[in-house]
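Chemist: The structure follows.
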């Protein structure tokens, strides 16, 4: 049991280190730790000073049904953050998928892992500036030892990460995409 506890601690440290090193963090080191209380609610809506931008905020219990929908559609779920340069670079590709494949039953969900204190100052302005049409939600859950392996047992926690799934198949990608690569992967799920 003691060894298992050390393994969890070691895994958490590795995940945090990989997450920090895998994405270009343009904020100060103070942004690396976000102390907060764990929410009791699964979903919370934060309104912006911009009346047309509301962000739904989920913990893992609220997110889990959104990444395991059983229907006849193809779901593309991208985990990203505004501070992650590769995430920002590939964002237009997900928007293009949303635009070009909506009529073929493809739904794109963009799951932001931005820190809660940056929702108003960074996330909402990013959504507005880039006119994101895909559904964007914020993910806020401090129990990484629970939700990272629950999303995918092999995920280190690094961003960007993407899930593409339908009723027959599910694939997890811990990497960034070019437009062509993303479309190639998506086409494997279209019937």
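The values are calculated or read from the model by the stated rules, or taken from the named source; none is laboratory data. Just so you know, these numbers come straight off a predicted model, no measurement behind them. Reconstructed Cβ throughout: ideal geometry from the backbone, glycine too, with neighbour counts over all protein chains shown.
Chemist: Given the conditions (1) modelled with pLDDT of 95 or more; (2) in a helix (DSSP H, G or I), report the number of the one that residue 6 does not fulfil.
Modeler: All conditions pass for residue 6, except number (1).
Chemist: Here is a list: 137, 148. Which entry is within 18 Å of residue 175 (Cβ to Cβ), buried (at least 16 other Cβ atoms within 10 Å of the Cβ) and touching a helix residue (DSSP H, G or I) at 6+ places or on another chain (Cβ under 8 Å)?
Modeler: 148
Chemist: Hey, another quick one. Could you go through region 39-59 and let me know if any residue there is modelled with pLDDT of 95 or more, in contact with a helix residue (DSSP H, G or I) (Cβ under 9 Å, 6 or more places away or on another chain), farther than 13 Å from residue 139 by Cα and surrounded by fewer than 18 Cβ atoms within 10 Å (Cβ to Cβ).
Modeler: The answer is no; no qualifying residue exists.
Chemist: Now for a different question. Please work out if residue 92 is within 13 Å of residue 55 (Cβ to Cβ) and over 14 Å from the mean Cα position of the chain (by Cα).
Modeler: Details: within 13 Å of residue 55 (Cβ to Cβ): no; over 14 Å from the mean Cα position of the chain (by Cα): yes.
No.
Chemist: Moving on to the next point. Which of the following residues is within 15 Å of the chain's Cα centre (by Cα), touching a residue at least 12 places away in the same chain (Cβ under 8 Å) and over 19 Å from residue 88 (Cα atoms): 156, 167, 134, 176?
Modeler: Checking each option against the conditions leaves just 156.
Chemist: Further question: Name every residue in region 61-95 that is out of contact with any strand residue (DSSP E or B) (no Cβ under 8 Å at 6 or more places or on another chain), over 19 Å from residue 173 (Cα atoms) and either in contact (Cβ under 8 Å) with a residue 24 or more places away in the chain or buried (at least 17 other Cβ atoms within 10 Å of the Cβ) (or both), in order of residue number.
Modeler: The answer is 70, 71, 72, 83.
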